[in-house]
1. Kindly indicate whether any position in region 157-165 is at pLDDT below 95 and either touching a His at 6+ places or on another chain (Cβ under 9 Å) or of a type in the set (Lys, Arg) (or both).
2. Would you confirm whether or not region 144-166 contains a residue that is touching a helix residue (DSSP H, G or I) at 6+ places or on another chain (Cβ under 6 Å), part of a helix (DSSP H, G or I) and under 26 Å from Trp226 (Cα atoms)?
3. Mind checking whether some residue in region 115-126 is touching a helix residue (DSSP H, G or I) at 6+ places or on another chain (Cβ under 9 Å), more than 14 Å from Val220 (Cα to Cα) and buried (at least 19 other Cβ atoms within 10 Å of the Cβ)?
4. Of all residues being small (Gly, Ala, Ser) and part of a helix (DSSP H, G or I) in region 43-60, which is modelled with the highest pLDDT? Just the residue, please.
5. How many residues are of a type in the set (D, E, K, R) and touching a Ser or Thr at 6+ places or on another chain (Cβ under 6 Å) when one looks only at region 61-76?
6. When you scan region 182-202, do you find a residue that is assigned to a helix (DSSP H, G or I) and at pLDDT below 95, even just one?
7. Pull up region 84-133, narrow it to residues that are within 13 Å of the chain's Cα centre (by Cα) and among the polar types (S, T, N, Q), then point me to the one that is farthest from Val213 (Cα to Cα).
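The values are calculated or read from the model by the stated rules, or taken from the named source; none is laboratory data. Remember, predicted model here, so these are calculated numbers, not experimental data. Counting neighbours? That spans all protein chains shown, and the Cβs are built from the backbone with ideal geometry, glycine included.
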Amino acid sequence: MLNSSFGLSAEPTFSQDKSVNMSSLDRHQQRSPGCRDKTTGAGDSSAVRERARQPLQGLKLASHAVLEKAQQRGRVKCSKCGGSRMFFCYTCCSLVGVGVEEIPLIQLPVKIDIIKHPNETDGKSTAVHAKILAPNDVTIYTYPCIPEFDREKVVLVFPGPQAVSVQDMLQCLRDRSTNRSHDSCGPRPKRLRTEEVQGSTQSEPEWVSGSRVAPLQKVVFIDSTWNQTNKISTDERLQGLVQVELKTRKTCFWRSQKGKPDTYLATIEAIYYFLKDFHQQCLGLEYGGEYDNLLFFYSFLHAVINTAKTAAGRS
């Protein structure tokens, strides 16, 4: 997926309203050809701030006050690697200058593995957002290290001619399980020794283990620029996994890649939208913002960067 970056020093000028309904973001996705903000006159500071909040203002987020204060204090050295960081260390996947009790921690309905391209700059990756905000459910691996996946219980979120929707995903896995004797014919591809980069897979929460989720146990995402995804997506160890495509979502990422459509999502966006669709279409539950805080850092950085861009008169 696309990777994100941050580092602008512009001071944020807003905080999110935790009570705003999610539907406003959905309406924006439907009516807008993209999520990037339009230029607003630099002289109207209130208009600039309002434009910068779009389209993520509808999320049910924890307060960004802690991030605003941390930004005012400036960068802090990571206690583990010594790097100068803001909010978190993207190398160590740990908070910097912010306490764990000050940020939202999220429990996910399925485990998530992220395969990161080795040539990607850590500071540009949004995968770290997921690891920090859902530490018990997210694991990051650096390619070529890929764990052993059960093709009857794991899906890969990646577009392709054979990709199915989130709604059809579970049925595909169930059909595969029914026909396991046929699917298991032939030699299994060789696997490299797994090298886990950050975190460990822990037991699933009780509310996830019901029949509504079965047989899905894990979802795999690729963290890379789109121009470098081919090496990972075509790896033999990922072949045979059910592929899932998020066809109706558009990116809000502030660093678009030339020649790529706006349906190519940043990694954290793909995780968020997958889980939202999964919640509604597979679990059959009404969505009430359960995973909105996965965009806690992303929405803050989106506002900071777009405030600076619109104030400078750039779209």
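1. So far as region 157-165 goes, no, none of its residues is at pLDDT below 95 and either touching a His at 6+ places or on another chain (Cβ under 9 Å) or of a type in the set (Lys, Arg) (or both).
2. Yes, because at least one residue in region 144-166 is touching a helix residue (DSSP H, G or I) at 6+ places or on another chain (Cβ under 6 Å), part of a helix (DSSP H, G or I) and under 26 Å from Trp226 (Cα atoms).
3. Yes, region 115-126 contains a residue that is touching a helix residue (DSSP H, G or I) at 6+ places or on another chain (Cβ under 9 Å), more than 14 Å from Val220 (Cα to Cα) and buried (at least 19 other Cβ atoms within 10 Å of the Cβ).
4. Checking each candidate, the answer is Gly58.
5. Going through region 61-76 one residue at a time, the tally reaches 1.
6. yes
7. Ser125
Rundown of residues vs (1) at pLDDT below 95; (2) touching a strand residue (DSSP E or B) at 6+ places or on another chain (Cβ under 9 Å); (3) closer than 17 Å to Val157 by Cα, yes/no style:
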{"position": "Leu241", "(1), (2), (3)": "no, yes, yes"}
{"position": "Glu245", "(1), (2), (3)": "yes, yes, yes"}
{"position": "Arg249", "(1), (2), (3)": "yes, no, yes"}
{"position": "Gln257", "(1), (2), (3)": "yes, yes, no"}
{"position": "Ile271", "(1), (2), (3)": "no, yes, yes"}
{"position": "Lys276", "(1), (2), (3)": "no, no, yes"}
{"position": "Leu283", "(1), (2), (3)": "yes, no, no"}
